[in-house]
Structures are given as structure tokens and as C-alpha cells.
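Here, each number is a calculation from the coordinates, and none is a lab measurement. These numbers come from a predicted model, not from an experiment. Heads up, the Cβs are rebuilt from the backbone with ideal geometry, glycines too, and the neighbour counts pull from every protein chain shown.
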Amino acid sequence: MEQITSLIAQLTKDSTSHPFYLDAPAFQSAHQFGWDYARHTISYDPSDEQACAYLLHEYGHATLKHSNRSRDITLLEMERAAWDQASRIAPNYGVAVPDEIIEASLDTYRDWLHARSACPTCGAAGVQTQASAYRCLACETTWRVNDARTCALRRYQTK
């Protein structure tokens, strides 16, 4: 707990001296990690064994000014960029960001993207046509999806 408190204090101090911020992001203890662009707030779980690595990942989103995405694949790109940023700055804070954590985290997004893009009719890969809509390349089925990053994925066939 002391390590994450110290890391937050250092990130707050350092972020005010960098050009990517006019002010430091807020940090909020929560049950999960996240970056809220609209509220300029990083949520973190201090009880997580890898809290410092995940906190640096969310800080990576903040420093890269990640906001909403237009396509699902963009979320995966943003996640990769945030982990790259975390890995770059981790040595400055004496934090280890293990490759296994990065890959396991990215795998959850890859699985999420695959599940959303799988056709509910034939199982083939579909393409995203709008924010929450897909079309199958094999059978022309169209479907909508819910956000489902933290809840069960739902696909609703539209044609």
C-alpha cells in the first residue's frame, strides 16, 4: 500500500512538470483500474498485487490523452500504446512491468474483440461497420453488440 501511495505522489508531482498536462490527473481508489478521460481521473485498486504496474498503464492512457474510440480495434491499439508507455517510464519509478502481465492484459482485449466480431449465425469473422455494429463477410448477417468490457457480451442479430 505504501508503494502505490508513494508512486501516486511522485506521478502527481512529475505530471505537473510535463508538457502533456496543464494539471495532474486525479487518482481514485476503486475496485478496478481505469482511465476516465472526461473526469481526468485514474482509478486504481491498491490491493492488487501488481497495482503499481497497472497504475502506470492507466497513467500511460492519461499521458497519451486517450479518449473515446471510434472502432473496436482502436481500443486494442490504445491498450498496447498505454502498456508501451508504462514500460518506458517504469524504470524512472522503480516499478517492474512484467511482459506476462502486459500480454495477459492484451489477451483479454484480443478475446473481447474476437468475440464481438464473430458472426452469431456462422461464426466467421465480421467487420465493424459502425460503433456497435458488425457485418459478416461470409453470410452477410449483421448484428449489434453491447460494450461488454466489464459485463457479458451480447450480440443482437439485425438481419
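Tabulated data
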quantity	calculated
Simple spin-label estimate for Ala9 and Glu77 in nanometres, 7 Å along Cα-Cβ	4.0
Lys/Arg +1, Asp/Glu -1 at C-beta; the chain dipole; positive extreme among Ile73, Gln50, Gln32	Ile73
Chain lengthening between Ser47 and Ala115 when straightened (0.36 nm per residue, less Cα-Cα)	21.5 nm
Among [x] 2, 9, 19, 23, 23, 17, 7, 1; [y] 1, 8, 13, 17, 17, 15, 13, 8, 5, 2, 0; [z] 2, 9, 16, 19, 17, 12, 9, 8, 5, 3, 1, 0, the entry that matches P(r) over Cα pairs in 5 Å bins from 0, in percent as calculated here	[z]
In segment 39-147, the trypsin sites (Lys or Arg not before Pro) that fall in loop regions by DSSP, at most 16 other Cβ within 10 Å	Arg39, Lys65, Arg69, Arg71
Helical mean residue ellipticity (222 nm; -39500 (n - 2.57) per DSSP H run of 4+; nearest 500) of the chain	-14500 deg cm²/dmol
Whole-number percent relative contact order across the chain, with pairs defined as alpha carbons under 8 Å at least 6 apart	12
Antiparallel %, DSSP beta bridges [both residues in the chain], to 5	80
Near-label residues of segment 42-76 by backbone N, under 13 Å of a point 7 Å along Cα→Cβ of Glu100	50
Length added when fully stretched, Leu64-Ser29, from 0.36 nm per residue minus Cα-Cα	10.5 nm
Dipole magnitude of the chain, debye to nearest 20 (Cβ charges: Lys/Arg +1, Asp/Glu -1, about Cα centre)	920
